[in-house]
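First the structure, which I've put down as structure tokens, then a few questions once you've had a look.
The values are calculated or read from the model by the stated rules, or taken from the named source; none is laboratory data. Computed from a predicted model, the values in this text were never measured in an experiment. Cβ coordinates were reconstructed from backbone atoms using ideal geometry, including for glycine residues, and neighbour counts include every protein chain displayed. In case anyone asks, the SASA skips ligands and DNA or RNA and just uses the protein heavy atoms, side chains included. Shrake-Rupley method; radii C 1.70, N 1.55, O 1.52, S 1.80 Å.
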Amino acid sequence: MGYVDEVLAKVKEKNASEPEFLQAAEEVLESLRPVIDANEAVYRKEALLERLVEPDRQFKFRVPWVDDKGQVQVNIGYRVQFNNSIGPYKGGLRLHPSVNIGIIKFLGFEQIFKNSLTGLPIGGGKGGSDFDPKGKSDREVMAFCQSFMTELCKYIGADVDVPAGDIGTGAREIGYMFGQYKRVRGMYEGVLTGKGLSYGGSLARTEATGYGLLYITEELMKCHGESMEGKTVVVSGAGNVAIYATQKAQQMGAKVVTCSDSTGWIYDPEGIDVELLKEVKEVKRARLSEYAAARKSAEYHEVSADQRSGAGVWQIKCDIALPCATQNELLIEDAKQLVANGCKAVCEGANMPTSLEATKYLQENGVWFICGKAANAGGVATSALEMSQNSERLSWTFEEVDAKLQGIMVNIYHNIDDAAKRYGMEGNYVAGANIAGFEKVANAMIAQGVC
Ligand code: NDP
Ligand code: 2IT
């Protein structure tokens, strides 16, 4: 049995109850085969893959808080510090009822390679809780965030581990957590990114993941002799990533005709009204039905709890599809529909939104496919730029940060394209991303000895 197969078999045996982590590990290790085969003796002796798939450490803790009725509630908090061979652990905090250790591990594992691809000195980590901020008052959210940080603050620090936002964690939650860190640790430092602009946040961090997704998509199109101008785009999700992806796509001259949330999806043939979407989602924290109620051209499709809420968007004819909601939201039947409708490119704004089977189908049918660890790296890259600004106690302009973000995304495209070509897999951007991300981490791990 080859080294990759041996390690994969062990990973499956040890983590049988963590399907999302297994999916992420399989995707990465399978596509690293050519690199591993070329260096098998060294990597085996170093137990490099065994070390790579096992987090440095993981924390699981109780998060008690008091709701508005005076009732004590208990949630579970997690932080997985996966790999810090190229920099302090870095990765978001997800607040969603579905959160469990397997989901946090898959996200932390992806983050290792994503952060490496940015070219910036950040390692991989992820955290979160099964707390659901939906329907909670501001005071309840604050009570949760303070309790969560009271425990988390023992394990993080500006040079140790720097969390940020993810699903359910936006500027409000980061603000409450930062306040509690400062209070408990008595330190004012850049321990979180995605902070408000008045207390150390970076301009363009809010927009960065969505904008970055479009910068890499535009470069992909350009390198295939195409442009964004006049293209029809379908987007899933209606949160931070989806909103700013939609905005940038429209600025580039494309028409975005869909979005979705956990209760339904919108088809708006005249193009999504981003200002209205922001009002509904960022200000009112309401459902997409309110978008449809305010806009004549929009069709709203309510989805029952047992259905996949975003699935409808993949039925709409498009040139480009951008999944920006959550993992495994684009399955084989959706991939078939996209191909049948003539879709040219799929770029992942979310983490692992496309199943392995759907990814393979898209690639085999000539769809240009850029996986999340490359396509959505603009968010964490800009977080690293926020860390730099905090370290030098300066703030850069929006234009400076945006220009750096653009440069980083264009570089990522060419690095993953080159890595795929080097191993004879031209056009396979999944392999290219995994290989390019892995090489830097592997070199750093070997140079630092057995640890
Ligand atoms: P938000 O919480 O801002 O938005 C998430 C959106 O997806 C919401 O519209 C939400 O619906 C929908 N959604 C979430 N979970 C589900 C689910 N289980 N089923 C159906 N719909 C769902 O999160 P972000 O936009 O920040 O994150 C979206 C994706 O992008 C995630 O995969 C995240 O890991 C990834 N990502 C985020 C980055 C960032 O900087 N924020 C960086 C890189 C990747 P509703 O409105 O009803 O809650
Ligand atoms: O998945 C991700 O890259 C994020 N949620 C952003 C992480 C960060 O540290 O900015």
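In this structure, is S98 open to solvent by less than 60 Å² (accessible area, probe 1.4 Å), out of contact with any helix residue (DSSP H, G or I) (no Cβ under 6 Å at 6 or more places or on another chain), polar (S, T, N, Q) and over 23 Å from T326 (Cα atoms)? Explain how you work it out, then say what you get.
Working: open to solvent by less than 60 Å² (accessible area, probe 1.4 Å): yes; out of contact with any helix residue (DSSP H, G or I) (no Cβ under 6 Å at 6 or more places or on another chain): yes; polar (S, T, N, Q): yes; over 23 Å from T326 (Cα atoms): no.
No.
Can you name the residue in region 233-259 that is open to solvent by 40 Å² or more (accessible area, probe 1.4 Å) and more than 16 Å from ligand 2 (Cβ to nearest atom) and, of all such residues, is nearest to N390 (Cα to Cα)?
Going residue by residue through region 233-259, those that are open to solvent by 40 Å² or more (accessible area, probe 1.4 Å) are 240, 250-251, 255.
Applying the additional criterion that residues be more than 16 Å from ligand 2 (Cβ to nearest atom) yields 250-251, 255.
Details: Q250: 32, Q251: 30, K255: 37 Å.
Per the stated criteria, the residue is Q251.
Still on this structure, I have one more. Search region 162-176 for residues that are over 22 Å from I122 (Cα atoms) and pair each with any residue that is hydrophobic (A, V, I, L, M, F, W, C) and within 11 Å of ligand 2 (Cβ to nearest atom) when their beta-carbon atoms are under 9 Å apart and the residues are at least 6 apart or on different chains.
Sorted first by the residue in region 162-176, then by its partner, the pairs are G168/L93; E173/L93.
Return the residues of region 146-193 that are in contact with a helix residue (DSSP H, G or I) (Cβ under 8 Å, 6 or more places away or on another chain), among the hydroxyl-bearing types (S, T, Y) and within 16 Å of ligand 2 (Cβ to nearest atom); say none if nothing qualifies.
Within region 146-193, Y181, T193 meet the criteria.
Here is a further query. Restricting the search to region 100-145, which residues are more than 15 Å from ligand 1 (Cβ to nearest atom) and among the aromatic types (F, W, Y)?
F144
Let me ask you something else. Only one of these conditions is not met by S391: (1) buried (at least 16 other Cβ atoms within 10 Å of the Cβ); (2) away from ligand 1 (no atom under 13 Å from the Cβ). Which number is it?
Here S391 clears every test but (1).
Moving on to the next point. Considering region 88-123 alone, what residues qualify as being within 20 Å of N411 (Cα to Cα) and of a type outside the set (S, T, N, Q)? Working first, answer last.
If we filter region 88-123 for residues that are within 20 Å of N411 (Cα to Cα), which is where we start, we get 110-123.
Answer for region 88-123, where residues must be within 20 Å of N411 (Cα to Cα) and of a type outside the set (S, T, N, Q): E110, I112, F113, K114, L117, G119, L120, P121, I122, G123.
Further question: Got a sec? Which of A350, A286 is over 21 Å from the mean Cα position of the chain (by Cα) and within 12 Å of ligand 1 (Cβ to nearest atom)?
Values: A350 fails: over 21 Å from the mean Cα position of the chain (by Cα).
Only one candidate passes the filter, namely A286.
A follow-up question, please. Please determine, by comparing only the residues of region 153-179 that are open to solvent by 30 Å² or more (accessible area, probe 1.4 Å) and of a type in the set (A, V, I, L, M), which one is nearest to A143 (Cα to Cα).
A171
Quick check on region 358-378: of everything there that is β-branched (V, I, T) and in contact (Cβ under 8 Å) with a residue 60 or more places away in the chain, which residue is surrounded by the most Cβ atoms within 10 Å (Cβ to Cβ)?
At the first step, the residues of region 358-378 found to be β-branched (V, I, T) are 359, 367, 370.
If we keep only those that are in contact (Cβ under 8 Å) with a residue 60 or more places away in the chain as well, we get 359, 370.
Numbers: T359: 22, I370: 25.
My answer is I370.
Confirm whether A143 is open to solvent by 10 Å² or more (accessible area, probe 1.4 Å) and more than 14 Å from ligand 2 (Cβ to nearest atom). Break it down into steps so the answer makes sense when it comes.
On the way: open to solvent by 10 Å² or more (accessible area, probe 1.4 Å): yes; more than 14 Å from ligand 2 (Cβ to nearest atom): yes.
Criteria met by A143.
Go through (1) small (G, A, S); (2) open to solvent by 60 Å² or more (accessible area, probe 1.4 Å); (3) touching a strand residue (DSSP E or B) at 6+ places or on another chain (Cβ under 9 Å) and name the single condition S262 misses.
(3)
Quick one: what pairs do we get from region 252-266, first residue without any contact (Cβ under 8 Å) to a residue 40 or more places away in the chain, second within 8 Å of ligand 1 (Cβ to nearest atom) and in a strand (DSSP E or B), C-beta under 8 Å, 6+ apart or different chains?
Short answer, once both residue conditions are applied: I266/C259; I266/S260.
Next question. Return the residue satisfying two criteria in turn: it lies in region 180-224 and is assigned to a loop (DSSP other than H, G, I, E, B) and without any contact (Cβ under 8 Å) to a residue 40 or more places away in the chain, and of such residues it is most open to solvent (accessible area, probe 1.4 Å). Steps first, answer last, please.
Going residue by residue through region 180-224, those that are assigned to a loop (DSSP other than H, G, I, E, B) are 186-196, 200-204, 224.
Next, from what is left, pick out any that are without any contact (Cβ under 8 Å) to a residue 40 or more places away in the chain: 186-188, 191-192, 196.
Numbers: G186: 66, M187: 74, Y188: 141, V191: 0, L192: 0, G196: 21 Å².
Top of the filtered list is Y188.
Here is a yes/no grid of residues against (1) among the hydrophobic types (A, V, I, L, M, F, W, C); (2) within 12 Å of ligand 2 (Cβ to nearest atom); (3) within 28 Å of G212 (Cβ to Cβ); (4) touching a helix residue (DSSP H, G or I) at 6+ places or on another chain (Cβ under 6 Å):
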site	(1), (2), (3), (4)
K60	no, no, no, no
G87	no, yes, yes, no
Q111	no, yes, yes, no
P133	no, no, yes, yes
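Another one. Residue check, G175 against (1) under 28 Å from K278 (Cα atoms); (2) assigned to a loop (DSSP other than H, G, I, E, B); (3) away from ligand 1 (no atom under 15 Å from the Cβ); (4) of a type outside the set (D, E, K, R), all met but one. Which one?
(2)
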